[in-house]
Amino acid sequence: MSEPSPAPWPRLRLDDWAATRDTLHMWTQIVGKARMAQSPLVNHWWHSTLYVSARGLTTGTFPAGSGMVDVELDLVDHRLLARSSNGGHRGFALEGQSVARFYEQTLEVLTALGVDPVFQPSPNEVDPAVPFAEDTAAREYDGDAAHLFWQQLVRVDRVLGEFRARFAGKVSPVHFYWGSMDMACTRFSGRSAPPHPGGAPNCADWVMVEAYDRELSSCGFWPGGGDEGAFYAYAYPTPEGFVERPVSVGEYSTELGEFVLPYEVAAESDDPEATVLTFLQQTYEAAADLAGWDRAALEVDPGRLDAHRYRRGQDGP
């Protein structure tokens, strides 16, 4: 019997949801900043990111008073939901509204749950960076498009998680970073890196120095770079020969300064997950080989415990 075909990946053209994408970008910035402001600093800003959940995007738990709070953008029922470890919960509907109104409602919810939401009240890595409270123009929110985008992120989270499992060295969580609105996973060689030059719009250079203070190979997905978004991969610092390294899927973009695989190319392939994994593996190998990483020490077989995994029908516990 032949293997069943992989489930098709969701399709969403950027031109069809650009306004909603920009709205969602601002909302994730506000929620992400709230988590960052309450959490102790973790290297590379890992204390500030969001994560894909079974309903949308979540902060995960973060400190609030003597307890914990989490905030979720539920992209199934289209609500912001916040819950406290003391049993409190608050929320409001996600709908077309100004960024200022979303900001106001989010602060009200957090304050009611005992969070003191003090953070820079304007977006980063965008230009212009209109302060949240002053962004009073009506914003579009297409719930169906937001739901489809989340379904894309579910697929991306799965494939990045599988790729992450192949590495035994220091590696980031698979996370959603609200500054550039992308899913990412970053591997590290263990060596230091030269100070990053910065240059991101409305983002202090020292922020980028903290993010890139170790030699790395990074990959991910963002809703740009293709008709339906794109997977990307880059190295910092960029080793000599990286730009010219051939890959079997995707190509190097001189405009973006990284390897790019359009989402639609992966989605239309016979096996999207395998296509993306090939892109991620080949671009990582380009970075690791050319920079002389100790691959034998840093890589691991993610299936090494399969022989010990319990399977239905086996004897034993």
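Structure notes:
- Looking across G316, G226, one residue alone is loosely packed, with under 11 Cβ neighbours inside 10 Å, modelled with pLDDT under 95 and either not assigned by TED's automatic domain parsing to the domain that holds P197 or not acidic (D, E) (or both). It is G316.
- Residue within the stretch 81-89 that is in contact with a Gly (Cβ under 6 Å, 6 or more places away or on another chain), under 19 Å from W178 (Cα atoms), not β-branched (V, I, T) and not in a loop (DSSP other than H, G, I, E, B) present: yes
- Considering the stretch 218-252, and only residues there that are touching a Lys or Arg at 6+ places or on another chain (Cβ under 8 Å) and in a loop (DSSP other than H, G, I, E, B), the residue that is farthest from F163 (Cα to Cα) turns out to be E228.
- Check on A64, in contact with a Leu (Cβ under 8 Å, 6 or more places away or on another chain), at pLDDT below 95 and under 14 Å from T111 (Cα atoms): yes
- Every pair of residues 6+ apart whose Cβ atoms lie under 8 Å, when the first sits in the stretch 302-315 and is under 21 Å from Q281 (Cβ atoms) while the second is not basic (K, R): P302/E162; P302/A165
- Number of positions in the stretch 177-220 that are farther than 23 Å from P239 by Cβ, crowded, with 17+ Cβ neighbours inside 10 Å and in contact with an Asp or Glu (Cβ under 7 Å, 6 or more places away or on another chain): 3
- Output for the stretch 143-196, where each listed residue is within 12 Å of the chain's Cα centre (by Cα) and of a type in the set (A, V, I, L, M, F, W, C): W150, L153, V154, V156, L160, V174, F176, W178, M181, M183, A184, C185
- Subset of the stretch 1-26 (residues that are modelled with pLDDT under 95 and either of a type in the set (G, A, S) or in the same structural domain as M181 (by TED's automatic domain parsing) (or both)): S2, S5, A7
- Here L107 fulfils each of the conditions (1) aliphatic (A, V, I, L, M); (2) out of contact with any Phe, Trp or Tyr (no Cβ under 9 Å at 6 or more places or on another chain); (3) farther than 22 Å from S48 by Cα apart from (3).
- Sole residue being without any contact (Cβ under 8 Å) to a residue 60 or more places away in the chain and within 22 Å of L148 (Cβ to Cβ), chosen from S248, S269, S218: S269
- Test: P302 is assigned to a loop (DSSP other than H, G, I, E, B), modelled with pLDDT under 95 and farther than 22 Å from R166 by Cα: no
- Here V76, V126, V118 are screened, and the one residue that is farther than 17 Å from M26 by Cβ, out of contact with any strand residue (DSSP E or B) (no Cβ under 7 Å at 6 or more places or on another chain), among the hydrophobic types (A, V, I, L, M, F, W, C) and surrounded by fewer than 20 Cβ atoms within 10 Å (Cβ to Cβ) is V118.
The values are calculated or read from the model by the stated rules, or taken from the named source; none is laboratory data. The model shown is predicted, which means the values in this text are computed figures rather than measured ones. Backbone-built Cβ (ideal geometry, glycine too); neighbour counts: all protein chains shown.
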